[in-house]
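Notes follow the structure.
Only the coordinates and a few stated rules stand behind these numbers; no lab work does. Note that this is a predicted model, so its numbers are computed, not measured. Quick reminder, even Gly has a Cβ in these numbers, built from the backbone with ideal geometry, and neighbours come from all protein chains shown.
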Amino acid sequence: MNTPMLETRALCKSFGGLHVTREVNLRLMAGDKVGLIGPNGAGKTTLINLITGVLAPSAGTVLLGGEDVSGLSQAQRVKRGLVRTFQITQLAPTLPVHLQVEMAIHERQASSGRLWKPLRAYPEVQAEAMTILSCLQLQGLAARPPMALAYGEQRLVEIALAMALRPRVLLLDEPMAGVPPGERQVVLGALASLPTDLAILMIEHDMDLVFNFARRMMVLADGAVLAEGSPEHIRKHPAVRTAYLGEEA
Ligand SMILES: Nc1ncnc2c1ncn2[C@@H]1O[C@H](COP(=O)(O)OP(=O)(O)O)[C@@H](O)[C@H]1O
Ligand SMILES: [Mg+2]
């Protein structure tokens, strides 16, 4: 049997008497595209924080490629290929995009213990940055600072920075948050062009987007997994419709 890229086993989190994550079991294989949905307060962001090591679980384990990483720091998990993007932009507004991607590549190389190679490394790093930007159709904007870009383009730069860390698992926390409808297609196209073997977990409120993107859906309600399965299965699921989709109908 294949080892999952990311797995959680009976993950639990309580804040005092408030149970925010209840025995969540999650498995992402290489190439999986999973959508995570649930009403506000369901515990989606908390789950991401537990997986990435921002929060320590009250019980349960997180495994990356079969290795228990529950005791590791955020940085140690990033080094093992677990990368997230944030709901709120983390970009330096005035620094040209290609430089930010190059810095992320340098960061990755430093963290993997590679010795600093001052001059010869630069062309390699510049070339890799341009390859990443080209994959996301950003090559024409490489010299511009984020403040000169449309909001949807800025979200793509954040994905470029995540890709510079060479993720095996990518966690996207609401990649469409704040993106105007006219720019969503560009972001969706870029997400579709990411490497096929990358495992992606996407939290998203835009139902059309997440149902189109994900091959598998997971629904959280009140901290627990209410349902999981194919997008078609989830669309029809009575409890999901009542707990969640029904709100929008
Ligand atoms: N640090 C915290 N202390 C206490 N309660 C928290 C904390 N973080 C989140 N919660 C509570 O956990 C629940 C789930 O929150 P969250 O994970 O942000 O939900 P979602 O992302 O699905 O909207 C909410 O009731 C929230 O108030
Ligand atoms: Mg949230």
Next item on the list: Return, for the Cα atoms of the chain, the radius of gyration and Dmax in Å, separated by a comma.
Entry: 18.5, 61
Next item on the list: Before rounding to the nearest 500, sum -39500 (n - 2.57) across all DSSP H runs of length at least 4 in the chain and divide by the residue total; then give [θ] at 222 nm in deg cm²/dmol.
Entry: -10000 deg cm²/dmol
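Please count, across the chain, the pairs of lysine residues with Cα atoms under 23 Å apart that sit 8 or more places apart or on different chains.
On the way: Lys13/Lys44; Lys33/Lys44; Lys33/Lys79; Lys33/Lys236; Lys44/Lys236; Lys79/Lys117.
Taking the chain as the scope, the lysine pair count is 6.
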Notebook entry, point to check: Among Ala221, Ala190, Ala148, which one shows the biggest mean-square fluctuation in a GNM of the chain, springs joining Cα atoms closer than 10 Å?
Noted result: Ala148
Notebook entry, point to check: Where in the chain lies the longest segment free of chymotrypsin sites (Phe, Trp or Tyr not before Pro) that are both loop residues by DSSP (not H, G, I, E, B) and have at most 16 other Cβ atoms within 10 Å?
Noted result: 117-249
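Roughly speaking, what is the stretch gain from Thr131 to Leu18, that is 0.36 nm per residue apart minus the C-alpha to C-alpha distance, in nm to one decimal? If you can, show how the numbers build up before the last one.
Numbers: separation 113, 0.36 × 113 = 40.68 nm, distance 4.58 nm.
Answer, rounded to one decimal: 36.1 nm.
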Notebook entry, point to check: Out of the DSSP beta bridges found with both residues in region 6-248, what percent are antiparallel (nearest 5)?
Noted result: 55 percent
